[in-house]
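Just below is one structure, and these are the notes that go with it.
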Amino acid sequence: MALTNRSIQVDRKPMTWLESIYLWNIVKGMAITFSHLFKRRPTISYPEQTRSFSKVFRGLHVLNRDEEGRERCTACGLCAVACPAEAITMEAAERLPGEEGLYREEKYAARYEINMLRCIFCGLCEEACPKDAIYLSQTFAPANYGRSGFIYKKNDLLIPNPLTEPEAYQKALGEKASKN
Amino acid sequence: MYLLTMDWWLVLEKAILVAFIVTISLVIAMYTTYAERKVAAWLQDRRGPNRAGPFGLFQPLADGGKLFFKEEIIPVSSSRFLFILGPSLAMITALLTSAVIPWGGHLHLFNRDVSLQIADVNIGILYIFGVVSLGVYGIMIGGWASNNKFSLLAAIRGASQMISYELAMGLALIAVLMLTGSLQMSRIVGSQVEGSNYWNVILQPVGFIVFFVCALAECNRTPFDLAEAENELNFGYHQEYSSMKLGFYLFAEYINMFISSAVMSTLYFGGYDILPFVDETKWGLDPNLLSILGFAALMAKTFFFLFVFIWIRWTIPRFRYDQLMNLGWKRLIPLALVNMLITAALILWLKK
């Protein structure tokens, strides 16, 4: 019984003499493979060429700074609460007098770690953040030799300071720059 | 006194030629492995090896180095002497065939007429057949000495396949021999080169196709690579081999490919004849230059056949064993026989 009209009846006729020396079919097959010599190769030679990600790609996290180069994060912990994979840990500290140029508010994150092996790059931390302090960038976490290498510390995550290293800052902003 | 009367220059000349030809076959075999991977990649819309050196040109060196430095394993239950003899035999027989192929015309150097053929024996083509048949022993001994069921099965398959296809190959060749009237390689080429004579492929298209198919089978190339059937016999006769002994087997296959391409160009495509239907001597070129151009022409033909070998390998799946035997015994041999009879009849008819 035919389930679909796409099924093709297998032809079990014995081969004719010409078919049995295979030559014609082999020539046909070789013409097909030969045509592939002139086809465009879809390969991207990875380390030299990279494929651009889509605009909504969620990659490695970046801890943001404001225009004066102060860290935006206040260590409120909303991102850690929102995180379904429990990849984020942090420790809060109080800003001391004289540190106003470093931290935007009077509370800041003394320790901020994201375990990239746990992270599922869902972007819920970005959505949870009331201070626009964390966002997911267009890069991904590179390979590493040990597990500890995948626990990203605050230094690994912080965006370069826009006042002292403006070029690196612009580069880190990437697509985000046009979005704002 | 006898030593003094010997033509020592001839010995030197031949020694240089042997060294040159062997080196060339080895280097070409090496780069055929590279070409194989590259062409395979192109046919499959990939890029192929491109990391070692520019365009991956050092890839064969890297592969060879790897094979040299790998651990040499000789299984305990194997027959040690035969185990080593197998790959040596494969390599030796692969290289021996190049001796009777005329690689070019004559070079006139230092007041001597240097022939670009190592040995112009009057039974040249029989010699090639003999040596190629010896190549079966490389496979058979290797498979037997490994003391392994799969290897032995593969070796038996390979041996029976080579013997079956040699028959059709010989029958296809007889037609050429009838046209030329000689077994001597230089005369077979000469009859095609002289003046504006035809290449044998024009007179013998069917014979050429039969010969080509049999050459594929003799080299154990896909679609006839039943001897090494990697997915059914687990790599066949060289399953137990490692390091450079494995390398020799793989390498011998590529040398065989090169040599049989050269033989095919010699027998059917005019050898070192540069263009068909054209008398090259009328171009008024320096004879030495003409010889070198002839050598280049032979190489170009050989490379074309190497490409076809590779092209076929990456197009056609392997034959089943019964299909292989049916094709050999029931199709190719009758075809070659009919071809031979028709050629013979035509020769007799036209000569009258």
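Points worth noting:
- Which numbered condition A:Gly123 fails, given (1) closer than 17 Å to A:Asp156 by Cα; (2) under 19 Å from the mean Cα position of the chain (by Cα): (1)
Quick grid of which residues meet (1) in contact with a Leu (Cβ under 8 Å, 6 or more places away or on another chain); (2) part of a helix (DSSP H, G or I); (3) without any contact (Cβ under 8 Å) to a residue 12 or more places away in the chain:
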| site | (1), (2), (3) |
| --- | --- |
| A:Met30 | no, yes, yes |
| A:Leu37 | yes, yes, yes |
| A:Pro47 | no, no, yes |
| A:Arg51 | no, no, yes |
| A:Val56 | no, no, yes |
| A:Cys73 | yes, no, no |
| A:Cys76 | no, no, no |
| A:Glu99 | no, no, yes |
| A:Tyr108 | yes, no, no |
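- Hey, A:Thr164 in a loop (DSSP other than H, G, I, E, B) and either more than 17 Å from the chain's Cα centre (by Cα) or among the aromatic types (Phe, Trp, Tyr) (or both) or not: yes
- Out of B:Lys330, B:Lys301, B:Lys282, sole residue that is closer than 27 Å to A:Lys28 by Cβ, without any contact (Cβ under 8 Å) to a residue 24 or more places away in the chain and either in contact with a helix residue (DSSP H, G or I) (Cβ under 8 Å, 6 or more places away or on another chain) or of a type outside the set (Val, Ile, Thr) (or both): B:Lys330
- Test set (1) in contact with a helix residue (DSSP H, G or I) (Cβ under 7 Å, 6 or more places away or on another chain); (2) more than 14 Å from chain A (Cβ to nearest Cβ); (3) in contact (Cβ under 8 Å) with a residue 12 or more places away in the chain; (4) assigned to a loop (DSSP other than H, G, I, E, B) - B:Val114 fails condition number: (4)
- Inspection of segment B:88-111 finds no residue satisfying the criterion of being farther than 15 Å from B:Ile16 by Cα, modelled with pLDDT under 85, part of a helix (DSSP H, G or I) and in contact with a helix residue (DSSP H, G or I) (Cβ under 7 Å, 6 or more places away or on another chain).
- Note on segment A:47-61: among residues that are surrounded by 13 or more Cβ atoms within 10 Å (Cβ to Cβ) and of a type in the set (A, V, I, L, M, F, W, C), the one that is nearest to the other protein chains (Cβ to nearest Cβ) is A:Phe53.
- From the list A:Ile26, A:Ile44, A:Ile32, A:Ile21, the lone residue that is in contact with a Lys or Arg (Cβ under 9 Å, 6 or more places away or on another chain), modelled with pLDDT of 85 or more and within 14 Å of chain B (Cβ to nearest Cβ) is A:Ile44.
- Criterion applied to A:Glu127, A:Glu165, A:Glu94 was being of a type in the set (Asp, Glu) and touching a residue at least 24 places away in the same chain (Cβ under 8 Å), and the one residue passing it is A:Glu127.
- B:Val176 being of a type in the set (Val, Ile, Thr), touching a residue at least 40 places away in the same chain (Cβ under 8 Å), more than 18 Å from B:Leu275 (Cβ to Cβ) and crowded, with 17+ Cβ neighbours inside 10 Å: yes
- Unmet criterion (only one of (1) facing another protein chain (nearest Cβ under 8 Å); (2) modelled with pLDDT of 85 or more) for A:Asn64: (1)
- For segment B:42-55, filtered to residues that are in contact with a helix residue (DSSP H, G or I) (Cβ under 7 Å, 6 or more places away or on another chain), of a type outside the set (A, V, I, L, M) and within 23 Å of B:Gly247 (Cα to Cα), the residue that is nearest to the other protein chains (Cβ to nearest Cβ) is B:Asn50.
- Segment A:1-28, residues that are assigned to a loop (DSSP other than H, G, I, E, B) and of a type in the set (Gly, Ala, Ser): A:Ala2, A:Ser7
- Considering segment B:22-41, the residues that are aliphatic (A, V, I, L, M) and either within 14 Å of another protein chain (Cβ to nearest Cβ) or touching a strand residue (DSSP E or B) at 6+ places or on another chain (Cβ under 7 Å) (or both) include one that is farthest from A:Phe38 (Cα to Cα), namely B:Ala35.
- Given (1) within 23 Å of A:Ala31 (Cβ to Cβ); (2) surrounded by 16 or more Cβ atoms within 10 Å (Cβ to Cβ), number of the condition B:Pro49 does not satisfy: (1)
- Residue in segment B:250-271 that is buried (at least 20 other Cβ atoms within 10 Å of the Cβ), not hydrophobic (A, V, I, L, M, F, W, C) and not in a helix (DSSP H, G or I) present: yes
- Filter result for B:Ala41 (more than 23 Å from the chain's Cα centre (by Cα), at pLDDT 85 or above, under 30 Å from B:Ala215 (Cβ atoms) and of a type in the set (Gly, Ala, Ser)): yes
- Some residue of segment B:312-320 being more than 9 Å from chain A (Cβ to nearest Cβ), touching a helix residue (DSSP H, G or I) at 6+ places or on another chain (Cβ under 6 Å) and assigned to a helix (DSSP H, G or I): no
The values are calculated or read from the model by the stated rules, or taken from the named source; none is laboratory data. All figures in this text were calculated on a predicted structure; none of them were measured in a lab. Here the Cβ is made from the backbone with ideal geometry for all residues, glycine too, and neighbour counts use every protein chain on show.
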